[in-house]
Structures are given as structure tokens and as C-alpha cells.
1. May I have the extent of the alpha carbons of the chain along their three principal axes, as whole Å values ordered from largest to smallest?
2. Determine the dipole magnitude for the chain: charges of +1 sit on the beta-carbon of Lys and Arg, -1 on that of Asp and Glu, nothing else is charged, the reference point is the Cα centre, and the result goes in debye to the nearest 20.
3. Which loop chymotrypsin sites (Phe, Trp or Tyr not before Pro) in segment 1-97, with loop taken from DSSP, have no more than 15 other Cβ atoms within 10 angstrom of their Cβ?
4. Rounded to the nearest 0.05, what FRET efficiency is calculated for L60 and K21 with R0 set to 35 Å and r the Cβ-Cβ distance?
5. Cross-link list K9/K42; K42/K105; K4/K79; K4/K95: which exceed 21 angstrom alpha carbon to alpha carbon?
6. Sorted by packing (mean other beta-carbon atoms within 10 Å per residue), highest first, where do 4-14, 94-104 land?
7. First select every other residue whose beta carbon is under 15 angstrom from the beta carbon of N44; then total the charges, Lys and Arg +1, Asp and Glu -1.
8. Let me have the 222 nm mean residue ellipticity of the chain computed from DSSP H runs of 4+ only, each contributing -39500 (n - 2.57), with the sum over all residues rounded to the nearest 500.
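Values quoted throughout were computed directly from the atomic coordinates according to the rules given, and no laboratory measurement underlies them. None of the values given here were measured: they were computed from a predicted structure. When we count neighbours, we look across all protein chains shown, and the Cβ atoms used for this are built from the backbone with ideal geometry, even at glycine.
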Amino acid sequence: MNFKSHPDKALEVHILGVLEKMKRNCNFPMAEIAVLFHDLGKINPNFQEKLKPENKGVYLGYTNHSYLSVYAFACYLEKNIAALKAILGDDFLIKVKCIVVIIAKHHG
């Protein structure tokens, strides 16, 4: 599937670009996880439709993506909790909460 993050950019390209920029500025596993999940909610079909020029200003239903991105992270966490505990180490629950807030509020 070809999901977009912006009208002219593939979602995968966007996420990898943000990841590259983040790695230049810090080396925190928590930040890397947040980056990988921050825009996954953009696979929402309503969001994808919103990116089309002909739909500018048209109500398409729920088009926000941040909370859907948090949901994707929560689903991943549920199935991979041991691996994430190994990656995040001490203060695991605090770090997970921080990741959730970063993803949910990354636009404001």
C-alpha cells in the first residue's frame, strides 16, 4: 500500500527522514520509538483522502492521526512488551507514558 504523510511525500520516507534528523540530535531509544510511531495514524483512510487536492475543505470524518498513532504504539506494546522492556530499561512505565505523550501531542 502506498500511504502518504503529506500530499507529495510517502509516509515511509517521512518517518525515515524524521528518524534520521532525530539521530543527529540525540541517541535515546525512547525518542526513536516515538519517531517510528508518531505518524502511523496517517494510514487512516479519512486522512489519506484529506491529502487529495479535490478534498480540500471537505469534511471526511475523523482525519486526525495522533491518537491513532498512540493506538498503534499501544498494540505494538501489548505484543512486544518484553522486547520494549529490554530496550527501554529502568523506569519502563514512565518511559512508555512519555512516549505516549510525545506521540499524542507531537503537533502541539
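1. In descending order, the Cα extents are 49, 28, 28 Å.
2. 140
3. Here the sparse-neighbourhood loop sites are Y59, Y62.
4. Once the sixth-power term is evaluated, E becomes 0.75.
5. Beyond 21 Å: K4/K79; K4/K95.
6. With the highest mean Cβ count within 10 Å placed first, the list reads 94-104, 4-14.
7. +2
8. Computed mean residue ellipticity for the chain: -18000 deg cm²/dmol.
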